[in-house]
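Visitor: I'd like to ask you about the structure that follows.
The values are calculated or read from the model by the stated rules, or taken from the named source; none is laboratory data. Please read all numbers here as calculations on a predicted model, not as lab measurements. When we count neighbours, we look across all protein chains shown, and the Cβ atoms used for this are built from the backbone with ideal geometry, even at glycine. The accessibility values were calculated without ligands, DNA or RNA, using every heavy atom of the protein model including side chains. Shrake-Rupley method; radii C 1.70, N 1.55, O 1.52, S 1.80 Å.
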Amino acid sequence: MLTRAEFDTGVRDALRHYTRTDLLMGNPLLRARLVARSGAETVTGQHLRQTLAEAAETLFANARDQKLHRVLDLTYFNPAPKQEAAAERLGLPFSTYRRHLASGVERITEWLWHQEQEAIRQAEAPGLAMAAPGHADSHQQPDLRPRLSIVVLPFLNLSQDPGVDYLVDGIVDSLMTDLSRALPGSFVISRSTAFTYKDRRVPIRQIGEELQVRYVLEGSVLADGTLVRVNAQLVDARTDEHLWAERFDKERRDILEVQDEIVARLSRSVGCELVRNEAERSRLRGPDGGDAADLVMRGNALAADISRRERAVEAVALFTRALVLDPDNVDAMVGIAATRLYQLVNQYQIVDREKLLAEAEALISRATVLAADHIGVLKARAVFLRAHGRFVDAIVADKSVIAQNPGEPTAYRELGLNHLYLGQAEEAAEWFRRADSIAPHDRVRWTWLQGLGRALMLLGRDAEAVEALRGAVHNNPHFVRGRAYLAAAEALAGNIESAKLHLTKFDELDPRMTIRRFAVERTSVPLDAVSPAYLRGNERILEGLRRAGMPER
């Protein structure tokens, strides 16, 4: 049986070698159940080609998905001489072409993996009929639903204006794509299947059975001349239990900008809720229950909210156990690497810095070989570059993350931090605000609000810095350095009594701190790599701490 990593690599290699049946003969997918279903005595490269072509035609049959099918066709099935030529023939900027290509490959890989799992289950239990997506037998066992499987139903247009349909459907279309990108290992039902439920009143449990998904996302859009309001709710398809609901209100300015921000906020919120819910399912099975995927899910739930150092330790332990069970589990590798890096950059662990960086680098390298375009690999590499003080390279890496998943607020935070260390405080503040516009209620909101507060102090906008840092401390009361930054901002803004109060609370958490120590320990990146402009600006923060009453040494 193929591991997920072997399967993913096999799909990508098969696409690259689609026109070379001789090279396809060595592809591991020839051992896959879904290829063997052809009924032939000997499975050949031609059977694999047929499987790929049929998958693309089925998955991207809808007119709205034809752009992805055309990109795949000109890249793999009927390839142009170069990818630049394919982009030109399609009339697309090369960056857009590459984004469509990554999305198409990711979706076809996920769809084929789901089909492979169903084929395996059919072989193990012959009484279960193999179901095409969207036409599952409602009598199948509910446990066949894959983890993180979801259908995004067409949202209701409450505006009573058919002219708004394009906006409503556009939000749903983009949300499907963003969820697939944001959640490696998830299975998002295609648009062509999801939209068969448009204007139909079907019970949630029935939808779950028909599509074999665990979760259903439904919602509505109300748009008038000045406002766009989106209501969304996530429902457990097994129990019909409402797990999460939120309302988004945005001024109706540039409609594409509004749509992008709404989709980004939805994908982030829904993705976090899915991971938390699946992690809880796994936890309830007991400490020794579950497989590598369960352990990774539980680790991700902790790693998504590392507001305390003990959470990081627990997350690493779960990822490590998963890697023992499945040595090629990319999610576990990047989970350990990213958590180790955050232990350093959040200053949860000061000693053994080089040892932790080396461990993270080795895991990122292994994961890159297995799945170079995995979103977790890209995110971990970006943080690794920042931790090494390679801020310009880190910015390039952060933008690669955003190209894959525009709804990832931590990527905008990373851009802000890198610009901050380069001495570009104004640009940094804008990136931090972008992160907050996407995820204003996020559990890790403190990570970009503290950055915003520091940037604003460097710019001399102290009252605004106080507001941002108050938000950071409120979001994470365990953020010790946040108390010191808030004390400095209050002092610089002239609120000396308030500054002294915050510094007293900081002293209770980190006693005997001095200006000299704070100057050395205030950053988790190499001081010799930061811009002189950043160091000069930070003198204002140290001056704020002096005014608040922190001793010099």
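Visitor: Would you calculate a helix-derived [θ] at 222 nm for the chain, using -39,500 (n - 2.57) for each DSSP H run of n ≥ 4 and dividing by the full residue count, to the nearest 500?
Guide: Computed mean residue ellipticity for the chain: -19500 deg cm²/dmol.
Visitor: May I pose another question? What percentage of the solvent-accessible surface of the chain, computed with a 1.4 Å probe over protein heavy atoms, is contributed by carbon and sulfur atoms?
Guide: 50
Visitor: Skip the ligands, DNA and RNA, and give the accessible area per residue of region 423-492 with a 1.4 Å probe, whole Å².
Guide: Per-residue value: 34 Å².
Visitor: Per residue, how much space in cubic angstrom lies within the convex hull of the C-alpha atoms of the chain?
Guide: For the chain, the hull spanned by Cα atoms encloses 163 Å³ per residue.
Visitor: Please get the size of the charge dipole for region 274-406, origin at its Cα centre, with Cβ charges of +1 on Lys and Arg and -1 on Asp and Glu, quoted in debye to the nearest 20.
Guide: It works out to roughly 380 debye.
Visitor: Determine the percent antiparallel among the DSSP beta bridges restricted to the chain, to the nearest 5.
Guide: Here the antiparallel bridges make up roughly 70 percent for the chain.
Visitor: Accessible area per residue of region 204-258 at 1.4 Å probe, in Å²?
Guide: In whole numbers, region 204-258 has 46 Å² accessible per residue.
Visitor: Something else: What does DSSP give for region 149-285 in terms of the percent of beta bridges that are antiparallel, rounded to the nearest 5? Could the numbers behind the result be given before it?
Guide: Details: 18 of 25 bridges.
Percent antiparallel among DSSP bridges in region 149-285 is about 70.
Visitor: Same structure, new question: Order the following by accessible area, largest value first: E257, E118, E354. Probe radius 1.4 Å; ligands, DNA and RNA are ignored.
Guide: E354, E257, E118
Visitor: Here is a further query. Quick one: how many Å² of L179 are accessible to a 1.4 Å probe, rounded to 10?
Guide: Spelled out: L179, probe radius 1.4 Å, area about 0 Å².
Visitor: What's the Kirkwood radius of region 387-530 in Å, using all Cα pairs?
Guide: It is 15.5 Å.
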